[in-house]
Amino acid sequence: MTIEQSKSQEALQPTSINHHTRGILQFNGQHFRALIEHGNDVILLSDQNGNYSYASPSIQRVLGYSPEEFIQLNGFTLIHPDDIPSLAEAFQQLVATPGLSETQQFRILHKNGSWRWVESTSTNLLQEPEIQAIVTNFHDITDRKQIEERQHLLSQISDLYISSLDHQITLQEVADLIVPDLADYCRIVLIDAEHQIKAIVASHIDPQKITLVKDLYEQYQGRISATHGVQTLLETGQPELISVITEETLTPLGQENPAALPIIHTLGLQSYMGAPLIVRGRTMGAITFSSVQPHRHYTQDDLDFATEIARRLALVLDNARLYQEAQEELAERKETEELLKRREEEHYRLAAIVESSNDAIVGKTLEGIITSWNHAAEQLFGYSAEEAIGQPIIMIIPPELRSEEDTIIRNLRQGIRIQHFETVRVRKNGTRVNVSLSISPVKDAEGHIIGAAKIARDISRQKEIEQRKDDFISMASHELKTPVTSIKGFTQLLVRRFQRLGDEESLRFLARMDTQLNKLTKLISDLLDLSKIQAGRLEYREEPFELDELVEEIIENVQGTTSTHALILDVSTREQHVRILGDRDRIGQVFINLLTNAIKYSPKANKVLIQVTKEGNSAVIRVQDFGIGIAADYQEQIFERFYQINEPDLKTYPGLGIGLHISKEIVERHHGRIRVSSQKGMGTTFSVLLPLLHEEE
Ligand code: ADP
């Protein structure tokens, strides 16, 4: 009770009970008395402080007290705390205004502990000399009130239905409507299509008890069958009523779930009812109502009402669900639209890039049908986009190269990209064009390869320059070869002359000149070889020979040119009669190159190790040095034409960068392979693998 309320009550405390007023009744006569005593209305007489002097016998029917009991009580002690302030104010006004009559509705405590709604009319007859009392008559309007309240509750639920059209109704909102008017504890459970509980809320007059209630729920969760409660409602789709909860009604529950019993006792559950939430024939959940008030026991009438609430709630919640689904769908659609828009933008951007590219970009299906053709493709091949799209790609492939397309498609199907593949294509006018092709697989949204994008770059000009360079090298080395051969001839002549003359000093000079001439000859012959390789004119002889003997011979020769390094053949692994088929001189050239490199690129070391072994069907020669090594990044490039590692920390070594290129060509022409394994600063091992000659061959 608020301070204000207690003050107003204090002001109304009785000073003395005025027994004198009882005498008034004597004047009403038998007839009137019978009317009062048997009527439905209660008649009360009180003084200006609210102390009763008379209560008609009907008080017993209406509030459970005998008239004697009732007049001992101050009227205000029985009034519902919420109604006291307005009543106190009205009473003061009544006392202050003789003759005033006032009608009020309020709740008053029945002797059985339940609240009853009454409608009461009080008249100030204090000034009437024959009465001198406030005369009150009241009657019970609980049933009427309940109907009103229920109507109100139903209309609130209808309001929810309307508001669910534009916002997400929460179950808590609903549960809070029901407590405390219809229940002290209300629980709403929703299930999904798989009959799994997906939402649960509870409302309790005593919020602290919610924790307990949650525990109770835990006990229920996951249970298949139950005699009472949510599970039963969900399974049967029928409403359920336990008007009075007794030990007896709890027995089956106690057997199914003993842990639930103490919780039910602590909650003090007195009465229970529940109804399924059914909409369009589908059970979507359940709602339960529980009473903890000793006097509130649900009746069939209450259950009918609860069923009606459930029916309306189901509609509200279904509507809220539809609303949410619609919202989600909208959001999803918006997202898809945005994605499409972004894709479209991306598409246009890419199309613009493709269109403005200087390289010809062509799209085709896996069947080889042209699907796109940019401006540069029109320029390069001479077909317009209209002419090309829909046509087979082979229209630009020279007849002798048509098999290329099969290889390309095969690679594409496996998702392999082809990069910088140099080939020739035919223009619309029949002329040929050198192109470098890069071909990438095109995948659909699921990652399936559906075609290819081909970028073709016109390399005719580049090819032309290269050709001129090759022609120049070829011509220059030829031109150089003759004078050098002639100088070498005259040197030999001079050697013989000075030998005859015994001129030792001139002989020393000539020896040095001869070494330089040998280097020059080697350079020239390398350049000539290169030109021949380029032109595809390098010739090979094919004869069987012993590779191990050749290696030994070369080691001996190269050893003769160096005083800094020992060339050591590993005798422990050395194989004999390692016969292969091929050009002995050319293979010899490879080992000379590898050994001279090994010496050149290991200036601080003093040895080079050589191994000759057989591995499977191959002869394997390894040349290992302990020099500057080759970083992983360069290990492939060193075999390219004119490639020399160009790193600032490396001192420049003499050379043209063609030795390894020639070696690789030679080895590959012999169906062999050349490999390098190295670590920068740790030395290098080159391995040459060549197919062994089988005896029967
Ligand atoms: P070069 O005439 O420059 O030696 P090569 O074709 O024989 O040409 O070799 C290409 C490049 O590979 C060399 O310039 C060098 O950088 C590197 N290289 C070759 N052999 C070795 C080696 N044994 N150790 C370190 N680097 C090497």
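Rule-of-thumb check for the range 576-637: C-alpha Rg over 2.2 N^0.38 Å?
Numbers: Rg = 13.7 Å, N = 62, 2.2 N^0.38 = 10.6 Å.
Dividing the Cα radius of gyration by 2.2 N^0.38 Å gives 1.29.
How far is it, in nm, from the label point at Met682 to the one at Thr142 when both lie 7 Å from their Cα along the line to the Cβ?
Between Met682 and Thr142, the label points sit 9.7 nm apart.
With a Förster radius of 45 Å, plug the Cβ-Cβ distance of Asp514 and Ala631 into 1/(1 + (r/R0)^6) and report the FRET value to the nearest 0.05. Can you show the working numbers first?
On the way: r = 37 Å, r/R0 = 0.83.
About 0.75, to the nearest 0.05.
From a point 7 Å beyond the Cα of Lys463 in the direction of its Cβ, which residues of the range 423-457 have a backbone N at a distance under 16 Å?
Residues passing the 16 Å test: 423-438, 456-457.
Report, in deg cm²/dmol and to the nearest 500, the calculated mean residue ellipticity at 222 nm for the chain, where each DSSP H run with n ≥ 4 adds -39500 (n - 2.57) and the sum is divided by the residue count. Could the numbers behind the result be given before it?
On the way: 20 runs with 305 residues, N = 697.
The per-residue figure over the chain is -14500 deg cm²/dmol.
Along the Cα-to-C-beta direction of Glu128, a point sits 7 Å from the Cα; which residues of the range 80-110 have their amide N less than 12 Å from that point?
Counting only backbone N, you get 99-101.
Relative contact order of the range 469-613, please, whole-number percent, based on alpha carbon pairs below 8 angstrom and at least 6 residues apart. Before the final figure, lay out each step's value.
Working: 124 pairs, mean separation 35.8, N = 145.
So the answer I get is 25 percent.
So how strong a dipole does the chain carry about its Cα centre when Lys and Arg Cβ are +1 and Asp and Glu Cβ are -1, to the nearest 20 debye? Present the calculation step by step, with values, prior to reporting the outcome.
Values: 71 positive and 99 negative charges, 817 e Å.
Value, rounded to 20: 3920 debye.
According to a simple spin-label model (label point 7 Å from Cα along Cα-to-Cβ), what is the distance in nm between Thr236 and Asn429?
It works out to 9.5 nm between the two label points.
Grab the beta carbon distance between Asn557 and Ala351, set R0 = 45 Å, and tell me the FRET efficiency rounded to 0.05.
Details: r = 64 Å, r/R0 = 1.42.
Rounded to the nearest 0.05, the efficiency is 0.10.
Once fully extended, how much extra length lies between Lys607 and Thr211, figured as 0.36 nm per residue of separation less the alpha-carbon to alpha-carbon distance?
On the way: separation 396, 0.36 × 396 = 142.56 nm, distance 8.62 nm.
Between Lys607 and Thr211, full extension yields 133.9 nm more.
At most 13 other Cβ atoms within 10 Å and a DSSP loop assignment: could you name the GluC sites (Glu not before Pro) in the range 59-158 that fit? Don't skip to the answer; put the middle values down first.
Details: sites: Glu68, Glu69, Glu89, Glu102, Glu119, Glu130, Glu148, Glu149; in loops: Glu130.
Answer by residue number: Glu130.
Taking θ as phi - 60°, what are the ³J(HN,Hα) couplings along the range 436-443 by the Karplus curve (6.51, -1.76, 1.60), each to the nearest whole Hz, with x for Gly and Pro?
Whole-Hz 3J(HN,Hα) from phi for the range 436-443: 10, 9, 10, 10, 10, x, 10, 10.
In whole Hz, what ³J(HN,Hα) sequence does the range 373-385 give by Karplus (6.51, -1.76, 1.60; θ = phi - 60°), x for Gly and Pro?
7, 8, 4, 5, 5, 4, 5, 6, 9, x, 8, 7, 4
Order 565-572, 318-325, 282-289, 356-363 from most to least packed using the mean count of other Cβ atoms within 10 Å. Before the final figure, lay out each step's value.
Numbers: 565-572: 13.5, 318-325: 15.5, 282-289: 22.4, 356-363: 18.0.
Top of the packing list down: 282-289, 356-363, 318-325, 565-572.
Rounded to the nearest whole Å³, what is the per residue volume of the convex hull around the Cα atoms of the range 463-535? Show your work: numbers first, answer last.
On the way: hull volume 4.8 nm³, N = 73.
Once divided by residue count, the hull of the range 463-535 is 65 Å³.
Percent relative contact order of the chain, based on C-alpha pairs within less than 8 angstrom and at least six residues apart?
Numbers: 1091 pairs, mean separation 39.1, N = 697.
This gives 6 percent for the chain.
How would you rank 389-402, 445-458, 503-516, highest first, on the average number of other Cβ atoms within 10 Å across their residues?
On the way: 389-402: 14.2, 445-458: 15.7, 503-516: 12.3.
Ranking the peptides 389-402, 445-458, 503-516 by packing returns 445-458, 389-402, 503-516.
Please report, to two decimal places, log10 I(q)/I(0) for the chain at q = 0.12 Å⁻¹ as given by the Debye formula with identical point scatterers on the Cα atoms and no solvent.
-1.29
Between Leu100 and Thr121, with labels modelled 7 Å along Cα→Cβ, what's the label distance in nm to one decimal, could you check?
The two pseudo-label positions are separated by 1.8 nm.
At 10 °C and 1.306 mPa s, grab the translational diffusion coefficient of the range 357-458 from Stokes-Einstein with a Kirkwood Rh over Cα pairs, rounded to a whole number in µm² per second.
118
Counting pairs of alpha carbon atoms under 8 Å apart in space and at least six apart in sequence, what relative contact order in percent does the range 147-324 give?
Values: 284 pairs, mean separation 46.7, N = 178.
Relative contact order comes out at 26 percent.
Where a number appears in this text, it was derived from the coordinates with a stated rule and is not lab data. Since we're looking at a predicted model, the values are computed, not measured. Here Cβ is always computed from backbone atoms with ideal geometry, including for glycine, and neighbour counts include all displayed protein chains.
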